[in-house]
1. What's the number of the only condition in (1) at pLDDT below 95; (2) more than 14 Å from the chain's Cα centre (by Cα) that residue 109 fails to meet?
2. On the given criteria, is residue 95 assigned to a helix (DSSP H, G or I), aliphatic (A, V, I, L, M) and within 18 Å of the chain's Cα centre (by Cα)?
3. Pull out all pairs, ordered by first then second residue, where Cβ-Cβ is under 6 Å, the residues are six or more apart or on different chains, the first lies in the range 68-83 and is within 14 Å of residue 111 (Cα to Cα) and free of Cβ contacts under 8 Å to residues at least 12 places away in the same chain, and the second is basic (Lys, Arg) and surrounded by fewer than 20 Cβ atoms within 10 Å (Cβ to Cβ).
4. Under the condition of being closer than 24 Å to residue 236 by Cβ and among the basic types (Lys, Arg), which residue from the range 165-213 is farthest from the ligand (Cβ to nearest atom)?
5. Could you tell me which residue of the range 214-248 is farthest from the ligand (Cβ to nearest atom), considering only residues that are charged (D, E, K, R) and not in a loop (DSSP other than H, G, I, E, B)?
6. If a residue has to be free of Cβ contacts under 8 Å to residues at least 40 places away in the same chain and either assigned to a loop (DSSP other than H, G, I, E, B) or touching a strand residue (DSSP E or B) at 6+ places or on another chain (Cβ under 7 Å) (or both) to count, how many in the range 257-288 make the cut?
7. Please state which of the following conditions residue 75 fails to meet, knowing it meets all the rest: (1) at pLDDT below 95; (2) buried (at least 22 other Cβ atoms within 10 Å of the Cβ); (3) not in a loop (DSSP other than H, G, I, E, B).
8. For the subset of the range 26-36 comprising residues that are surrounded by 17 or more Cβ atoms within 10 Å (Cβ to Cβ) and more than 14 Å from the chain's Cα centre (by Cα), which member is farthest from residue 226 (Cα to Cα)?
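The values are calculated or read from the model by the stated rules, or taken from the named source; none is laboratory data. Every value quoted in this text rests on a predicted model; they were computed, and no experiment measured them. Counting neighbours? That spans all protein chains shown, and the Cβs are built from the backbone with ideal geometry, glycine included.
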Amino acid sequence: MRVLITGGAGFIGSNLCERLLNAGHEVLCVDNFYTGSKNNIIEFLGNNNFEMIRRDISEPFFIYADFIVNLACPASVPYYQNDPLKTMKDNIYGIFNVMENARRLKIPVLHTSTSEVYGSPSVHPQPENYNGNVNTISARSCYNEGKRAAETIMFDYRRQYGMDIKVARVFNTYGPKMLENDGRVVSNFIVQALKGEDLTVYGDGKQTRSFCYISDLIDGIILFMENKSGFTGPVNLGNNYEFTMIDFAKLVISLTGSKSKMKFLELPEDDPVQRNPDLTLAKRVLGYNPRVNIEEGLKKTISYFDRIIKR
Ligand code: UDP
């Protein structure tokens, strides 16, 4: 199968490229390199089944493929807030362009949505039928409202044109090939701990997140791609290892053996208080079963960042 991956040079995209190439598929990697990195895909360039196309999905494109996975959007808070109108365009124009390409070719699209569609949730853990608690006008809205609208657009393409769609809601994921300066908590804490700097805990550090190792998320995406039952989702993909940011900082300090301490900084606007995926649907329909425990996943991620920093 020839799979077009938008955002293929990003953290999740490049890990998906690798898995699909190893399974013998052809991969067309589309990226504008805003947050994607050439370092993430350089190892695939000698593979005849891999092709890199520099393109911005907020502009129309037409590329032959058998399947599209849409991952193209800056996803970390500092990057998506850096140019919020562009983030909106990536979400809205981007999904229109992806869907028009797919409509012409009559091919399926798997779109990666996000746990951010639940906003700061009052239902915990979050099942897919929880409609969320989201602010339309905050600094976070360009991302979470953009992602919500993209889901709507996908389901309208299905209603209007009968298209084959799959919508996955990705929860916090970490692992090798994350950007070192991404601004996310996992990369920040690990890099700070390895450099012996204080770990920057935002707010009182009692907010929670649940962390999924990248190989488990990729398993979920592949299971969803291969699912032929007509199941559209939306379906949560992630893991249930839920931590307060204080406890997470302590875990990173202990696993790195660092002498770093914590320092407390201001909480970003509308930062969700809690987050944990209800995985009942993913388990029942896709047979999804995340397996990598948090210590094991963090150790692999720590050694990745250790190599990057030394380089
Ligand atoms: N966070 C933190 N220190 C950091 C970066 C993030 O305490 O250096 C907090 C942030 O306020 C949020 C949580 O960690 O409550 C997860 O942040 P991240 O940006 O990784 O993901 P998201 O907020 O998108 O879930």
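1. (1)
2. It is true that residue 95 is assigned to a helix (DSSP H, G or I), aliphatic (A, V, I, L, M) and within 18 Å of the chain's Cα centre (by Cα).
3. none
4. Among those that are closer than 24 Å to residue 236 by Cβ and among the basic types (Lys, Arg), it is 166.
5. Per the criteria, the residue is 226.
6. Selection size over the range 257-288: 1.
7. (3)
8. Among residues in the range 26-36 that are surrounded by 17 or more Cβ atoms within 10 Å (Cβ to Cβ) and more than 14 Å from the chain's Cα centre (by Cα), the one farthest from residue 226 (Cα to Cα) is 34.
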